[in-house]
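The values are calculated or read from the model by the stated rules, or taken from the named source; none is laboratory data. Just so it is clear, the model here is predicted, and its values are computed rather than measured. Please note: Cβ atoms are built from the backbone with ideal geometry, for glycine as well, and neighbour counts cover all protein chains shown. Please note that ligands, DNA and RNA were not included when accessible areas were found on the heavy atoms of the full protein model with its side chains. Shrake-Rupley method; radii C 1.70, N 1.55, O 1.52, S 1.80 Å.
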Amino acid sequence: MRGTRHTAREEVTYRTGHVGTVDYYTSRCSFGDSSMVVYRFPCTREKTGPDFVLVHGIGVSARSYGPTAAALTEHGDVYLLDLPGYGRSPRPDRDMGIADHARIVGRFLTDTDLAHPVVVGHSMGTQVVAQLAASFPDEVDHIALIAPVMAPSARSIHAAAALLLRNGLREPPRVASEAVVDYLFRAGIPYMIQQTPHLLTTDLEELASQVAAKTLVICGRDDPIVPLEWARGLTDCFTLGWFATVPGPHASMFAAPQLIADLLDEHAHR
């Protein structure tokens with residue numbers, strides 16, 4: 001075990017693992033009363049651009065990005081984050097809204113001295129990343145939103161639950177089973193109940209109007225949660241927005257990892 005103490009955080013690298021043939025290194029970063037587990041995938045080739053930071057959605061964890069993270073290592077270092085209370089990160093003692101999560105990610109970017117990475121969010125993570133770009137414009141100039149949420153028609157617990165169930169029937173069994181484990185045994189139902197109102201009350205269109213970063217919106221063509229027409233309209237709310245579709249449902253990072261990695265690398269060079 002190796003530990004390095006910093007002024008604003010404490011980082012301890014404590015285990016390694018792999019996705020396919022790509023190794024990653026796990027660390028835990030503490031920021032006051034909150035902490036995150038971080039998974040770093042080193043670039044497997046000569047870097048062609050900036051690094052990538054990936055933020056997951058509600059209930060799940062960083063492992064939802066596994067195949068896409070491995071594909072992105074052809075272009076740069078990749079950092080997957082377990083937000084406080086999710087995955088392997090300990091649950092904070094207080095309620096954390098979208099802006100609180102964005103602040104923690106912003107502190108991570110500042111302390112790791114990443115040179116303007118592409119910050120990617122999926123589902124609720126798109127809200128966190130959009131808030132991050134609005135709050136830290138000097139740190140973040142390229143973001144990508146995969147399966148942004150929620151469309152106005154889905155901003156109620158009953159509508160969101162129905163769409164989530166429909167999508168679960170379209171996801172591969174591996175994705176669905178990992179999500180169930182994350183929901184029930186990692187984040188846990190009490191934390192999910194606490195976090196869901198933040199998801200449903202965040203107006204992503206309003207956030208978009210505050211973002212100056214170059215923004216790529218990616219949607220799965222079989223995603224029942226994100227209407228493509230709404231997502232195209234959302235893209236137009238950003239000052240510099242581009243829209244793309246890929247095969248797959250909500251967790252398209254498993255359905256089209258190489259295509260998403262290539263889109264993100266192309267976006268990095270805009």
Can you tell me the accessible area per residue over the chain, all protein chains present, probe 1.4 angstrom, in square angstrom?
-> 42
In the set (i) 114; (ii) 160; (iii) 141, which value of volume of the Cα convex hull per residue in Å³ was calculated from the structure you see?
-> (i)
On the accessible surface of segment 38-131, probed at 1.4 Å, how many percent belong to carbon and sulfur atoms?
-> 45
Rule-of-thumb check for segment 150-270: C-alpha Rg over 2.2 N^0.38 Å?
-> 1.12
Local electrostatic count at Q258 - Lys and Arg +1, Asp and Glu -1, tallied over other residues with Cβ under 14 Å = -4
Loop-located trypsin sites (Lys or Arg not before Pro) in segment 125-182, at most 14 other Cβ atoms within 10 Å (DSSP) | none
Put a dot 7 Å past each Cα toward the Cβ at R91 and E46; how far apart are the dots in nm?
-> 5.0
